[in-house]
Amino acid sequence: MTDNDNFLDRLRADARQLRFEPDEMMSTRIAARVRERIAADSQTGIAQMLARWFRPVMVSLATLALVATLGIQWAEQSHDASAASLDSMTSTQSVDISVGGDTFSVE
Amino acid sequence: MSTLPMFEGAGAGPLGFDRLVFGVEKARTRSAANEDPIEARAIAAVKTGDAAAYDYLVSKYMKRVVSIAWGVVRNAADAEDLAQEAFVKAFESIGRFKTGEPFGPWIYRIVTNLGLDVMKHRKRFRHEEITDSAPAARGDRADLPAISNELAERIDRGIESLPEMQRIVARLYLVEEFGHAEIAKMTGLSEGTVRSHLSLARGKLKEKLADLHGGSND
């Protein structure tokens, strides 16, 4: 075990130089790309945050508008219907009176 | 990931020295936590939304992160992409990062995991570029000192000839000089499995490099 450990220790000392050293260009490139992606991500983040806020607001407004439109339409329709039925009722309710063989209609 | 049995207790020697070593490694990892006040301030600033403060962390850990990535994927372009991805991923999840903890182990774990994912992907699609006989061509060889070039080359070939997880564990231990506990955290393996991989790697390397370190001529 000790021999083996010594072997690894000696190997470690020599293997250290096998570390990959990125050159200046590579380091600069990585740093720049990371910066770029972080900036893009934060912009996306803002857009997503706004979308998160706007979406429910827009959905609520759309629902309100729809309900209001349907309500008005229903109200108008029911108003028209009641007016029409009153008209028809008043127009059809006539009284026929027969006097001496003649029939008189009184509206 | 590993075909080796798990030897959770394998590291505990009769005198408990291995446990002592674990303890020292853990203590070292922990004590390194708050040694850099600038790092702690940078992390705090990033957490509050100051993205510019992240530059400090990127530049501080750049070399090590790229080296770890390269050690796993053995390709400079992939290592560059992995390092970039690791830094972005770390930034995105900085909210989950515990204040006061060192940034190093965290980013090392992220980059190692990304590297392991790349290796899995390569295996799945049979795009493995590296074989024992033909290690990846890379620029770092030219940077090695001329005298130790041959020695480093042999050690490198020895490590590369190992099965995948042994290779990765051996590289993290020998080249990057991480401890067992640190490697376990980085790879998601147990410490026992790390020791087991390392023990097997040690046996194979000793066989291959017997003339270098096995005799009295070291």
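No lab work stands behind these numbers, since they all come straight from the coordinates. Note that this is a predicted model, so its numbers are computed, not measured. Neighbour counts run over all protein chains shown; Cβ positions are idealised from the backbone, glycine included.
Descriptive notes on the structure:
- Measuring between alpha carbons in the structure, the pairs from B:Lys120/B:Lys208; B:Lys89/B:Lys185; B:Lys60/B:Lys204; B:Lys60/B:Lys185 lying more than 24 angstrom apart are B:Lys120/B:Lys208; B:Lys60/B:Lys204.
- Computed over region A:24-67, the P(r) tail beyond 16 angstrom holds 59 percent of alpha carbon pairs.
- ³J(HN,Hα), Karplus 6.51/-1.76/1.60, whole Hz, each residue of region A:66-79, x for Gly, Pro: 5, 4, 4, 4, 5, x, 4, 4, 5, 4, 4, 4, 5, 5
- Averaged over the residues of peptide B:83-91, the number of Cβ atoms from other protein chains lying within 10 Å of each residue's Cβ is 5.
- Peptides B:40-51, A:48-59, B:151-162 ranked from most to least packed, by the mean per-residue count of other Cβ atoms within 10 Å: B:151-162, B:40-51, A:48-59.
- Top positive-direction residue, dipole computed over region B:158-218 with Cβ charges, set B:Phe178, B:Leu212, B:Gly188: B:Gly188
- At the listed q of 0.23, 0.27 Å⁻¹, the Debye profile of region A:1-43, built from one uniform point per Cα, gives log10 I(q)/I(0) equal to -0.78, -0.88.
- Inter-chain Cβ neighbour average for residues A:22-32, partner chain, 10 Å: 6
- For residues of B:169-178, the mean tally of beta carbons on other chains within 10 Å: 4
- Spacing of the two label points (7 Å from each Cα toward its C-beta) at B:Lys123 and A:Arg10, in nm: 3.3 nm
- Kirkwood hydrodynamic radius of region B:158-218, from inverse mean 1/r over distinct Cα pairs, in Å: 11.8 Å
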